[in-house]
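Novice: Supplied in structure tokens, the structure appears directly below.
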Amino acid sequence: MHLLSQTEGQLALQAARLYAESAVTGKPPARVPELSGIFTEKRGVFVTLTKFGDLRGCIGFPFPVMPLGDAIKDAAQHAAIHDPRFYPVNEGELRQIKIEVTVLTLPVLLECEPDQRPGAVIIGRHGLIAEMNGHTGLLLPQVAVEYGWGPVEFLRETCRKAGLHPDAWTNASCNILTFEGQIFKE
């Protein structure tokens with residue numbers, strides 16, 4: 001999978017900001033950059049909004065279900081006004097919002113015994129998905145770094161995000177998937 005160049009990453013950020021602002025104001029974006037080339041490839045992506053360093057919205061697609069340009073648009077709009085954990089962003093907040101775009105690699109099943117999972121998780125490189133009994137939770141690679149978690153705590157928090165018992169990762173019926181992310185920040 002090809003990585004985005006810094007120029008493409010900046011285009012992704014510009015587009016995400018314009019789409020988030022459009023969702024908040026209800027006005028069509030005026031000058032969305034042309035997202036061609038790599039942006040036509042199907043990719044997983046998350047758009048994260050922060051305000052003064054605190055999470056304000058984060059929505060995305062862990063799997064490559066649509067072209068990256070379309071996924072950025074949908075994720076940015078939904079992060080701004082449809083993240084169920086937060087009230088919609090209002091126009092007065094837009095200047096205070098910082099945007100981050102994380103383009104994902106394809107998630108892959110962590111194929112090892114449950115007791116070996118902590119040793120297979122690389123903090124700062126891997127994001128995690130926990131799946132069990134119809135519950136799914138995902139944490140981006142940067143989350144473990146931001147909170148200073150080790151592999152066990154990262155596994156526990158990903159299970160908690162899925163609505164599972166924090167130690168569900170120790171159960172062989174709990175699937176743990178890893179992925180990597182290329183992060184672009186304003």
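Novice: So what is the relative contact order for the chain, in percent, with contacts set as C-alpha pairs under 8 Å and at least six apart?
Specialist: 22 percent
Novice: Before anything else, pin down the relative contact order of the stretch 57-98: Cα pairs under 8 Å, at least 6 apart, normalised by residue count, whole percent.
Specialist: Here the relative contact order equals 39 percent.
Novice: Sticking with this one: Take the alpha-carbon positions of the stretch 45-94, form their convex hull, and give its projected area averaged over all directions (one quarter of the hull surface) in nm².
Specialist: Orientation-averaged projected area of the Cα hull: 3.6 nm².
Novice: While we're on this one: Lys/Arg Cβ at +1, Asp/Glu Cβ at -1, dipole of the chain taken about the Cα centre: which of Phe46, Gln14, Gly127 is farthest positive-ward?
Specialist: Gln14
Novice: Mean separation of Cα pairs under 8 Å and 6+ residues apart, divided by the residue count of the stretch 1-84: what relative contact order is that in percent?
Specialist: This gives 33 percent for the stretch 1-84.
Novice: If I take R0 = 41 Å and measure r between the Cβ atoms of Arg160 and Glu41 in this structure, what FRET efficiency does the formula 1/(1 + (r/R0)^6) give, to the nearest 0.05?
Specialist: The formula returns an efficiency of 0.80 here.
Novice: Can you work out the Karplus-derived ³J(HN,Hα) for every residue in the stretch 83-91? Use 6.51 cos²θ - 1.76 cosθ + 1.60 with θ = phi - 60°, whole Hz, and x for glycine or proline.
Specialist: 5, x, 7, 9, 5, x, 4, 10, 4
Novice: Calculate the translational D of the stretch 120-162 in whole µm² s⁻¹ from Stokes-Einstein, where the hydrodynamic radius comes from the Kirkwood formula applied to all Cα pairs, the temperature is 20 °C and the viscosity 1.002 mPa s.
Specialist: After rounding, the answer is 212 µm²/s.
Novice: Quick check: net charge around Ser36, other residues with Cβ under 15 Å of its Cβ, Lys/Arg +1 and Asp/Glu -1?
Specialist: Cβ neighbours under 15 Å give a net charge of -1.
Novice: Skipping prolines and chain starts, which residues have an amide H placed within reach, meaning under 5 Å, of the one on Leu110, given they are 5 or more residues away or on another chain?
Specialist: Distant-sequence amide H within range of Leu110: Ile176, Leu177, Thr178.
Novice: Could you work out how far helix 6-25 tilts from the main Cα principal axis of the chain, as a 0 to 90 degree angle to the nearest 10?
Specialist: Helix 6-25 sits at roughly 70 degrees to that axis.
Novice: Still on this structure: Using every alpha carbon pair in the stretch 1-118, what percent of pairs falls into each 5 Å bin from 0 up to the bin containing the largest distance?
Specialist: Once binned at 5 Å, the Cα pair distances of the stretch 1-118 give 2, 12, 21, 22, 16, 12, 8, 4, 2, 1, 0.
Novice: For the chain, what is the charge dipole size about the Cα centre, in debye to the nearest 20, if Lys and Arg each add +1 at the Cβ and Asp and Glu each add -1 at the Cβ?
Specialist: Here the chain has a charge dipole of around 440 debye.
Novice: Determine, from the Cβ-Cβ distance of Ser173 and Lys98 and an R0 of 45 Å, the FRET efficiency 1/(1 + (r/R0)^6), rounded to the nearest 0.05.
Specialist: That pair, Ser173 with Lys98, gives E of 0.70.
Novice: Shifting gears a bit: Take the residue pairs Lys51/Lys161; Lys73/Lys161; Lys27/Lys51; Lys42/Lys185; Lys27/Lys185; Lys73/Lys185 and return only those whose Cα atoms are more than 19 Å apart.
Specialist: Exceeds cut-off: Lys51/Lys161; Lys73/Lys161; Lys27/Lys51; Lys42/Lys185; Lys27/Lys185.
Novice: Follow-up. At what distance in nm do the modelled label points of Glu34 and Leu109 sit from each other, each positioned 7 Å from its Cα along Cα→Cβ?
Specialist: With each label placed 7 Å out from Cα toward Cβ, I get 4.3 nm.
Novice: Something else about it: Of Ala172, Ala75, Ala162, which is the most mobile in a GNM of the chain whose springs link Cα atoms less than 10 angstrom apart?
Specialist: Taking springs between Cα atoms under 10 Å, the residue moving most is Ala172.
Novice: For Lys27 and Ile183 in the same chain, what is the full-extension length gain: residue separation times 0.36 nm, less their Cα-Cα distance, in nm?
Specialist: Full extension from Lys27 to Ile183 adds 53.4 nm.
Novice: While we're on this one: On the principal axes of its Cα set, how long, how wide and how thick is the stretch 38-186? Give whole Å, largest value first.
Specialist: Its Cα atoms span 48, 32, 27 Å along the three principal axes.
Novice: While we're on this one: Would you mind calculating the gained length between Glu153 and Gln10 on full extension (0.36 nm times residue separation, minus the Cα-Cα distance), in nm to one decimal?
Specialist: Fully extending the segment from Glu153 to Gln10 adds 48.2 nm.
Novice: Also, I was wondering about something else. For the stretch 82-186, what % of the accessible area comes from carbon and sulfur atoms, probe 1.4 Å?
Specialist: Taking all protein chains in place, the stretch 82-186 shows 51 percent carbon and sulfur surface.
Novice: Run the simple label-point estimate for Arg125 and Glu91 please: 7 Å along Cα→C-beta, distance reported in nm.
Specialist: Output for this residue pair reads 4.8 nm.
Novice: Through the Karplus equation 6.51 cos²θ - 1.76 cosθ + 1.60, θ set to phi - 60°, convert the phi angles of the stretch 146-163 into ³J(HN,Hα) values in whole Hz; use x for Gly and Pro.
Specialist: Going residue by residue, I get 4, 9, x, 7, x, x, 5, 5, 4, 4, 4, 5, 5, 5, 4, 4, 7, x Hz, with x marking Gly and Pro.
The values are calculated or read from the model by the stated rules, or taken from the named source; none is laboratory data. Because the structure is a prediction, the values reported are computed rather than measured. All Cβ positions, even for glycine, are placed from backbone atoms using ideal geometry, and neighbour counts span all protein chains on display. Please note that ligands, DNA and RNA were not included when accessible areas were found on the heavy atoms of the full protein model with its side chains. Shrake-Rupley method; radii C 1.70, N 1.55, O 1.52, S 1.80 Å.
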